Amino acid sequence: MLSASQPRTSRILAVDDVPDNLYLIEAILEDEGYEVILAEDGPSALSHLHRSPFDLVLLDIMMPGMDGYEVTRRIRQNQTLPFIPILLITAHEQSSVVEGLDGGADDFIRKPFDTEELLARVRSLLRLKHSIDEREAMSRQREDFVSRLTHDLRTPLVAADRMLNLFMQETFCPISSDMKEAIGAMIRSNQNLLQMVNTLLEVYRHEAGQKKLTFAPCNLREIIEEIIEELQPLAAEKGVALTADFSKWDAQSGIQSGDTTIDTIEVMGDRLELRRVVVNLLGNAIKFTEQGHITIRVFEAPSSAESASPSPNRWITIEVEDTGSGISPDDQAIIFERFRKGNHKRADSGLGLYLSRCIVEAHGGTIGAVSELGKGSTFTVKLPLHD
């Protein structure tokens, strides 16, 4: 076993249908201390890559059956493989450098090649590979640290929240109105911090592939009515009207009809996660709306939105419209990105909308926004309906 101070020997896969060419490459590279594995055709090369990791692939282009271009494309299309640099090798002048590089290759050399040039290209690509591996390892360590930190932070925050509420309820002793006001401010601040920690933890679970969604039939109308009942006091404090519209879609006019409403709006999804999306969108609307109204609409309508869903023709649309401060064009381009919160003075950590995007996309849907400064915003979520 290698010690921490001993570098790992780079493993190189050489692929060529001519055995003499393979033995020449093997001799050159092994003389430099590299571990070399040989393959005489494309399928054998792909089989090697599936079985064990490599740091570099040297790939002949002109091979019978599956040529080097096709092998390159298949390597790049396989999402389970880590990044592996590919050096294409050919003896033919007509071989297309453009096709090879567009297919995902990283460099190109022609035969007969100069030994020093081959070794220089190999060293260059191995440096690229090791640099990317180190960067990804650091990223994983950072994300693991943040995930552990946020998880550990929840315990004292939850304990503080419970203790502050006990003080507010005068469980230990009577307290003055001024003290109640101060404790109330502490409770709100603690809850805001707890919400931020919870959101950050959810983001890292999604990004790490550790978030498991439980899909079951969900009645969106029921979920939204629950959320409106919870958030209505916040909107009322600001004098903002918070309403829901469940009108049916009129196919002839192309708009919602106020004459009839939908009692059950059912989608297949994770109820808790879909609830999280709606709470975030309505909560943001209340935060950034000082006067006027906030309306959430839910309806089924034909849509041309693209999605990974196998059901592209029937969609449930959720719209959250407000008369708030609006979002600048520059901010609209980034608000669904990680830690990109926009320039509004009340903007938070920039994770809520990113998490909402992760949840919606995990359901095969899309999320977007249109807005105009001073005139409000409309956030739109589209979720696929499955027959």
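Some observations on this one:
- Trypsin sites (Lys or Arg not before Pro) restricted to DSSP loop in the range 34-91 with at most 13 other C-beta within 10 Å: none
- Tilt relative to the chain, helix 115-168 - C-alpha long axis, 0 to 90 degrees, to 10: 20 degrees
- Computed from Cα positions, the angle between helix 68-77 and the longest principal axis of the chain comes to roughly 20 degrees.
- Three-way shape label, the range 160-201, alpha-carbon gyration tensor, a/c 1.5: oblate
- Taking amide H as placed 1.01 Å from N in the peptide plane, the amide H of Val36 sits under 5 Å from that of Ile12, each at least 5 places away or on another chain.
- Sites matching trypsin sites (Lys or Arg not before Pro) across the range 122-227 that sit in DSSP coil, with at most 13 neighbouring C-beta atoms within 10 Å: Lys212
- Restricting the range 351-387 to trypsin sites (Lys or Arg not before Pro) in coil, as DSSP defines it, with at most 14 other Cβ within 10 Å: Lys375
- Residue among Val203, Val279, Val57 with the largest mean-square fluctuation in a Gaussian network model of the chain, springs linking Cα atoms under 10 Å: Val57
- Distance between the modelled labels on Ser247 and Ile109, one decimal in nanometres: 6.9 nm (7 Å Cα→Cβ projection).
- A Cβ-based charge dipole, computed about the Cα centre of the chain with Lys and Arg at +1 and Asp and Glu at -1, lands at about 1340 debye.
- Net charge of neighbours whose Cβ lies under 12 Å from the Cβ of Ile316, counting Lys and Arg as +1 and Asp and Glu as -1: +1
- Residues whose amide H comes within less than 5 Å of that of Ile316, counting only those at least five positions distant or on another chain, are Leu383, Leu385 (H built at 1.01 Å from N in the peptide plane).
- Rounded to 10°, Cα long-axis angle of helix 42-51 versus longest principal axis of the chain: 60 degrees
- Interatomic Cα distance distribution for the range 110-178, bins of 5 angstrom, percent: 3, 12, 9, 9, 8, 7, 8, 6, 6, 5, 5, 4, 4, 3, 3, 2, 2, 1, 0
- Put in order of Cβ neighbour count within 10 Å, fewest first, the listed residues Asp20, Asp144 become Asp20, Asp144.
- Relative contact order of the chain, taken over Cα pairs closer than 8 Å and 6 or more residues apart, is 10 percent.
- The range 83-128: equivalent-ellipsoid semi-axes (sqrt of 5 x gyration tensor eigenvalues, Cα, Å): 17, 16, 5
- Over the range 1-149, relative contact order from alpha-carbon pairs under 8 Å, at least 6 apart, %: 19 percent
- Ranking of Asp17, Asp60 by neighbouring Cβ atoms within 10 Å, starting from the fewest: Asp17, Asp60.
- Diffusion coefficient, µm² s⁻¹, Stokes-Einstein with Kirkwood Rh over alpha-carbon pairs of the range 11-113 at 10 °C and 1.306 mPa s: 118 µm²/s
- Dipole of the chain computed with +1 at Lys/Arg Cβ and -1 at Asp/Glu Cβ about the Cα centre; of Pro85, Ile183, Gly376, farthest Cα towards the positive end is Ile183.
- Within the range 11-113: Cβ-based charge dipole about Cα centre, in debye rounded to nearest 20 (Lys, Arg +1; Asp, Glu -1): 400 debye
- Pairwise alpha-carbon distances in the chain exceed 36 Å for 48% of all pairs.
Read-outs throughout are calculated quantities, based only on the coordinates presented, and are distinct from any laboratory measurement. The structure displayed is predicted, hence computed values, not measured ones. Because the Cβ atoms are built from the backbone with ideal geometry, glycine has one as well, and the counts that use them run over all protein chains shown.
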